[in-house]
1. Could you tell me whether region 10-29 includes any residue that is assigned to a strand (DSSP E or B), modelled with pLDDT of 85 or more and not hydroxyl-bearing (Ser, Thr, Tyr)?
2. Looking only at region 87-138, which residues are farther than 19 Å from Thr24 by Cβ, at pLDDT 55 or above and not in a strand (DSSP E or B)?
3. Answer yes if at least one residue in region 69-76 is assigned to a strand (DSSP E or B), open to solvent by 50 Å² or more (accessible area, probe 1.4 Å) and at pLDDT below 85, and no otherwise.
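The values are calculated or read from the model by the stated rules, or taken from the named source; none is laboratory data. Since this is a predicted model, take the numbers as computed values, not measurements. With ideal geometry, Cβ positions are generated from the backbone for all residues, glycine too; neighbour counts draw on all protein chains shown. Note: areas computed on protein heavy atoms with side chains; ligands, DNA, RNA excluded. Shrake-Rupley method; radii C 1.70, N 1.55, O 1.52, S 1.80 Å.
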Amino acid sequence: MSRARTLLRGQAHSWELPDETVETAVLLLSELVTNAHRQARTSPGREISIRCVAEGPALRVEVSDAGDEMPRLRQAAETDESGRGLALVSALADWWGAHRRPCGIGKTVWFELDLLEADGVEGPDGAQRVQNVGEIREVRAVAEETR
């Protein structure tokens, strides 16, 4: 997971995205990758792929895995040690969602952060449009490491 955070941070800085946006994206990416490792329950050697796109007014980060269970937002009790990841994504992202992968295996969970607001620009007129696509691949760690 640290590799995914490092790669996202480097790519986002090369796109000259605002530091606040980058730190939020890294935090939310970490939550989604952690969920993929814990929930996907796929065999070792399977990949968790991460795709980051800064295009137009938003930074979109997608985490795909081979697990069949769709994510669901839940209320974690104060004493729960987990279960707050999607609540954090919901609170900090401008948009988020999940869909089944077109190949029929697994799912993609994604979030978007508004780049125009982060740059202090209120609308598309006069806003610089960032048009970059980067892809980060994180190979699933040995199952024992994440459980």
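1. no
2. Scanning region 87-138 gives Arg101, Pro102, Cys103, Gly104, Ile105, Gly106.
3. Looking through region 69-76, none of the residues is assigned to a strand (DSSP E or B), open to solvent by 50 Å² or more (accessible area, probe 1.4 Å) and at pLDDT below 85.
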